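Attaching a single structure in structure tokens format; questions to follow.
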């Protein structure tokens, strides 16, 4: 079977050529010339991604050849845009041009190196994704602890821009929730593989949909309550939506019952509406969510625009997107500095001003391609645990993009989520590269020979003996 690693290498070279071209256009618009060193950031990134490519070539030779180039392109454009902000700041302050390892762009380059090292270590250590199922309950406990740590810490150590999502010690900060989602996906997948027969049972049929038995609602109600606790104590709608949506969708994939999606949507929106009403009446821990909802409903109202923590950020982001129009002002020609938090939460708005609607649409297509490749790996892999892990990880990535883009465009209230692979920040970058490494491992099992994929359908269950009948791979399950 062909490994298609050479195709991956060619796509990676093309992606880095696009990153180099982006850097050249930025310098042409910033300095009215292209410096002889415009290619250095792209070359440094190429070396880093080439190292990961070599690791994949020897540890996961049958992995999907599109994942790394697609993610590398988004990561490279993120580094390029952050360096563009550094260049603009140095010009405005009459300072020398920052070095390649200085400023936000330089730090993002260093975080990329750390993230790729972590991804390589995961590929080297985890040679079979089913091994993760042995530690499912431990990972579930670790995930819950990581989620709740910021909630119990004092605001001075955990709160940024109204959301308690961080652990801050001096100048160092980390967002543990980014790593919690990886642990929780593994736990959810293991739990649902073992319980899917029970959760698939129906008690009654309503409007053509089979609904589960009442006593089987315990797991989804438990995760719903946990998500509400995140919403209340960490003051972040996006994180609550991410965790709850992840569990409900994984549950739907495991049972193939649409009724779980309906129940999940009703529970989530009911909980959000309840939090909004409580914030309006009693305030307290619900007040922050109520304020964000009011800002979202009336962003251009004077009382919301002028107050501290109001809609100024959202309005500036909308104006940036509107200024960009269809084609944008060109990389390096806009004014993204007017958008608050353009390096993190609002990087889509800053880039949208310069690459326009068409450019943002192309960027979203790349994200869609990454999610589709993850779902394809889940469909093709032979064991149920791998299917649920790949589907959950791919959905998590897609939902995170939706949450941040929905907040920027005013579709949903603003959240503290970062744009995967694009925004500045080490926690998000490292966690999402670990996510990609796990998808590479699962896709290697899905695309490779049957012997490399194993034959365990249920974690901890009996081994299935692969046989071959008339040239078609089959599995004989021994009673």
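For the stretch 236-255 and the stretch 346-373, what is the separation of their C-alpha centers, rounded to whole Å?
Going from one Cα centre to the other spans 24 Å.
Give the Rg/Rh ratio for the stretch 1-149, taking Rg as the radius of gyration of the Cα atoms and Rh as the Kirkwood radius, to two decimals. Please list the in-between numbers first.
Details: Rg = 18.8 Å, Rh = 17.4 Å.
Result: Rg/Rh = 1.08.
Can I ask one more? Given all pairs of different Cα atoms, what value in angstroms does the Kirkwood hydrodynamic radius of the stretch 236-365 take? Could you put the intermediate results ahead of the total?
Numbers: mean 1/r = 0.0585 Å⁻¹.
After inverting the pairwise mean of 1/r, the radius is 17.1 Å.
Here's something else I'd like to know. What share of all Cα pairs of the stretch 356-442, in percent, falls into each consecutive 5 Å distance bin?
3, 14, 22, 23, 19, 11, 6, 2, 0
How many angstrom separate the Cα center of the stretch 10-50 from the Cα center of the stretch 110-135?
Cα centres, the stretch 10-50 to the stretch 110-135: 28 Å.
Return a whole-number percent for the relative contact order of the stretch 1-133, with Cα pairs under 8 Å and 6 or more residues apart as the contact set. It would help to have the intermediate numbers written out before the result.
Numbers: 122 pairs, mean separation 39.2, N = 133.
Computed value for the stretch 1-133: 29 percent relative contact order.
Read-outs throughout are calculated quantities, based only on the coordinates presented, and are distinct from any laboratory measurement. Since the model is a prediction, treat every value here as computed from it, not as a measurement.
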